[in-house]
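Here, each number is a calculation from the coordinates, and none is a lab measurement. Given the structure is predicted, the values throughout are model-derived calculations rather than measurements. Counting neighbours? That spans all protein chains shown, and the Cβs are built from the backbone with ideal geometry, glycine included.
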Amino acid sequence: MAVGGNCPLRVAIAGAGAISQYHLAGWRETGGIDLVAICDPDPEKAQSRARAFGIPKTYADFTAMLEAEKPDAVDIITPVGTHAPLTRLAADAGVHVCCQKPLCTTVAEARALIEYVGERVRFMVHENYRYRPHYALMRQWVEQGRIGDVLHARMVVRSASCFTADGTEPFLLKRQPYLRKFPRLLVFEVLIHQLDAMRVILGPLEVKTAQLSQVNRELAGEDVAVVTLAGRRGMTVVLDGNISAPGYPPLPVDRFEVMGAKGTLIYDRDRLYLEGSNDPPVLFDLAKNYQICFSAAVQDFVHGIVTGEPFQTDRLDNIRTLELMEASYVAAGVAIPA
C-alpha cells in the first residue's frame with residue numbers, strides 16, 4: 001500500500017519474538033515507510049530479524065533506540081507487562097505507537113496509560129482479528145440487513161494449541177512458553193480476539209456469566225471458557241472456547257452463527273454462507289488470511305498517521321474489548337490484579 005507524503009515514515013520495532021515475523025512481513029508489504037531499527041533484550045533475536053527483513057540497526061535497549069534513531073512511529077511487539085512502560089517512553093519522545101494486544105494486564109492500567117498518552121501522539125492497538133476478511137464480510141452483511149435484526153449468536157473456538165497426545169510440547173507453549181504461567185490465559189490471550197470481532201459485528205455487548213476450567217492441568221490459567229453475553233434488543237450471545245481440544249489444529253478455528261429476524265449467517269472455519277440460501281458459500285484461504293490481517297493492521301496504522309483519519313482499533317475503541325475480557329473473569333469469580 002502506498003501512502004502519501006514527501007518523506008517515508010521512519011518506523012522502529014520493539015520486540016523480535018515469534019509474532020514479530022508477521023508484523024515485519026506486514027511492514028515489508030507497506031509502502032511509504034522505512035524500517036530503521038529493531039530492538040530486543042536478546043541481541044541474537046534482534047539481529048536475526050534484522051537480517052531477514054533488511055533492517056539496518058539493532059538495539060538491546062528501547063530508550064537507546066528512540067534517542068539514536070528518532071523514529072516517527074514504533075510497533076511494540078513485546079510481552080504484555082512491558083506495553084505500558086514502552087508506550088509511555090514513546091509518547092514522551094513524541095513517537096506514534098502501535099501496540100500489540102492485550103494493551104495492558106488490567107482495564108485500570110490501560111485507562112491510566114491512555115490518559116497519560118492523551119493526544120500527544122497517535123495510539124493504536126494491534127488487534128488484528130478486526131482485519132480478518134471473513135469477519136469484515138460478516139460485519140458488512142449484518143450492516144446491510146441481510147439477516148435482519150440480530151437475535152442470537154454463538155461463537156465456538158477450538159484448537160489443540162495447549163494439548164498434545166504424544167507428550168511433545170504443545171504448539172502455543174512452544175511458540176510462547178511464558179503463557180504456561182499466565183494465571184489468566186484463554187480469555188485474556190486468545191478469546192480477546194473473538195470478543196473484539198463479536199463486539200464489532202453485533203454491536204455493544206455485556207458479559208452476564210462465565211465459566212472457566214482446565215484440560216491441561218500443567219497450565220496456570222484456563223484453557224476452556226464459556227461466556228454468555230447480552231446485546232441490544234434482547235440479543236443473547238455465547239462464546240465457547242477450548243484450546244486443548246484433541247483432534248483440532250494447532251491454530252484456533254472458529255464457527256460463528258448469527259441468527260437474525262430474517263435469516264441465519266454462518267462462518268465455519270473457511271466458509272461463510274447464509275443458511276438455506278442457494279448461493280454458494282464464500283471461501284477463504286486461512287493460511288493466506290493469517291498474514292493478511294497483520295498486514296492490514298499495519299497499513300491502517302500508517303494510513304491513520306499520514307491522513308489523520310481514525311484507526312479502526314484506536315486505543316479508545318479497544319478499551320471496550322478489554323472491558324469485556326476483564327468482565328468475563330469477574331463473572332467467573334477470578335480476582336483482577338490491583
Between 0 and 90°, nearest 10: helix 192-202 axis offset from the chain longest Cα axis: 60 degrees
3J(HN,Hα) from dihedral phi, the range 231-243, Karplus parametrisation 6.51/-1.76/1.60, rounded to Hz, x for glycine, proline: x, 5, 6, x, 4, 10, 9, 10, 10, 10, x, 8, 10
Nearest 10 degrees, 0 to 90: helix 43-53 Cα axis against the chain principal axis: 80 degrees
Karplus (6.51, -1.76, 1.60) ³J(HN,Hα), θ = phi - 60°, over the range 210-215, in Hz, Gly and Pro reported as x: 7, 10, 10, 7, 10, 9
Antiparallel bridge percentage (DSSP; both residues within the chain; nearest 5): 55 percent
Per residue Cα convex hull volume in Å³ - calculated over the chain: 142 Å³
FRET efficiency for T82 and E309, using Cβ-Cβ distance with R0 set to 22 Å, rounded to 0.05: 0.20
Inter-centroid distance (Cα atoms) of the range 1-73 relative to the range 260-280, Å: 41 Å
Cross-link partners of K101 among lysines (Cα-Cα below 29 Å; sequence separation of 8 or more within a chain): K45, K57, K70, K174, K181, K208, K288
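Counting only helical runs of four or more DSSP H residues, what would the 222 nm mean residue ellipticity of the chain come to if each run contributes -39,500 (n - 2.57) and the total is spread over all its residues? Display every interim value, and only then the final one.
Values: 10 runs with 118 residues, N = 338.
Dividing the helical sum by the residues of the chain leaves -11000 deg cm²/dmol.
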0 to 90° range, to nearest 10: angle between helix 133-143 axis and the chain longest Cα axis: 60 degrees
Amide hydrogen neighbours beyond the local backbone of K208, cut-off 5 Å, H modeled: T228, L229, A230
